[in-house]
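Okay, structure first, notes after.
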Amino acid sequence: MQSAGEVTNCPECGHQIRVDRRYVTWCDKCDWNVDPSPVEDSTPAWRLKLEHRLAESLYRELETGAVHRPGWDAARIAAHVLSALILLVPLACLLAGIALLALYRPLWLSVPLALLAFCLTFLLRPRLGRLPTDAQLVHRDQAPVLFRVLDEVATAVGTRKATAVVVDADANISYQQVGWRFRPVVGIGLPLWAGLRPQERVAVLAHEFGHGRNGDAGSSWLLAGAWSVLDELHQTFSEQHGDRIRREEGYEDYTGATFASRLVNATVGGLVRGIAWLLLRLELRSGQREEYLADRRSGEIAGSEAAARALERLLLADRAYHAMERALRFPGDVSSLEAVRRSVSEVPAREIERHVRASRARETRTDASHPPTYLRIKLLRARPATTARVVLGISESAAIDRELADPAHRVLAELRSEL
Ligand SMILES: [Zn+2]
Ligand SMILES: [Zn+2]
């Protein structure tokens, strides 16, 4: 590769490419080096290709036609039936325990067996959405401007208003329904939030509230309950931490415990992983359709260009997180969130374009919770542009940051102590 000043030639196709020493050098023409550190992925090539095709076919369907609410197709019905069956597992354990106590003798055998069954019932009980005990909650009266904006967005989307906001250090904005009453809670991850411009904030919030509108409570309870049972089964019956270390260290001692856990991992664990894989596939299409629908609503409320730009920011989430971490490790004269904002806003358009292209290679995996970002951006820009219905001004946006300063300070202080 010959470099001449600020341009060089692509080693693959010879095309002249621009060089910016601060960023990765890549080729616009043949995509050489768009993803210099691809994530390790052991998925066989045929499956990647199939998933690529599935993602693109869903995209084409939505690009040409209207985005509908996910209908009750065979896959979605099957997902609900499977979820109901999974939820029967803890119930069956409970009934087995009672039956053992009532009918099985001798007692010295039936009591421990029943106890085992009750333990399993307790372990596998379906759990409702919960907040972590150390969550930094922000309530209505603590952040009037933030909640005014949240309410405005929720009303525009046509869904319930948020009960609370949780501030954390993840590069993510989330929406969760908590407890038996499914109270909507919005999660604001500081490194992502800090790098968003005002209208992009509206777009991200509108997308999240869109999830609240799409799923009906009964169906989300069933699916979430089934997933909580599957997760617990997976944790209990798959390779344990100790086993993995032993395997990685090359120990070949077949002590009783290790052998038993290997056996369980291969049998029950394998079955659980198979069921989880199946449920994921069944939910896939309706789930991804829901994401596109939430994006479209986000475009209608925040303006389609702001929604597309917000998705581009999402691609810089890792960069934002690292900027925050660096600023916490080596405190300078700017705050860590200001460091995030600078690091994200200085990224040139060409580097963002590289991330978009890398997303094509990386994210086409259809088992991800969201469709590939490059397709989401493309769909927003392919449709006629929409103007904003909810507008967040710069001063209001800054007021929100001031309201969140205290909880943000606590979150960052905790993260700093962990680093
Ligand atoms: Zn090239
Ligand atoms: Zn989403």
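The values are calculated or read from the model by the stated rules, or taken from the named source; none is laboratory data. Bear in mind the structure is a predicted one, so any value in this text is a computation, not a measurement. Reconstructed Cβ throughout: ideal geometry from the backbone, glycine too, with neighbour counts over all protein chains shown. SASA here: full protein model, heavy atoms, side chains in, ligands and nucleic acids out. Shrake-Rupley method; radii C 1.70, N 1.55, O 1.52, S 1.80 Å.
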- Query: Is there a residue being more than 16 Å from ligand 2 (Cβ to nearest atom), in contact with a strand residue (DSSP E or B) (Cβ under 7 Å, 6 or more places away or on another chain) and modelled with pLDDT of 90 or more anywhere in segment 364-381?
  - Reply: no
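Residue-by-condition table, conditions (1) more than 16 Å from ligand 2 (Cβ to nearest atom); (2) within 28 Å of Leu392 (Cα to Cα); (3) of a type in the set (Phe, Trp, Tyr):
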| site | (1), (2), (3) |
| --- | --- |
| Ala276 | yes, no, no |
| Glu283 | no, no, no |
| Arg296 | no, yes, no |
| Glu300 | no, yes, no |
| Gly303 | yes, yes, no |
| Ala308 | no, yes, no |
- Item | Matching residues in segment 198-228 - criterion: being open to solvent by 20 Å² or more (accessible area, probe 1.4 Å) and at pLDDT 95 or above | Pro198, Gln199
- Item | Only one of Arg289, Arg262, Arg285, Arg247 that is part of a helix (DSSP H, G or I) and modelled with pLDDT of 80 or more | Arg289
- Item | Selection within segment 154-169 - of a type in the set (Lys, Arg) and either at positive phi or free of Cβ contacts under 8 Å to residues at least 24 places away in the same chain (or both) | Lys161
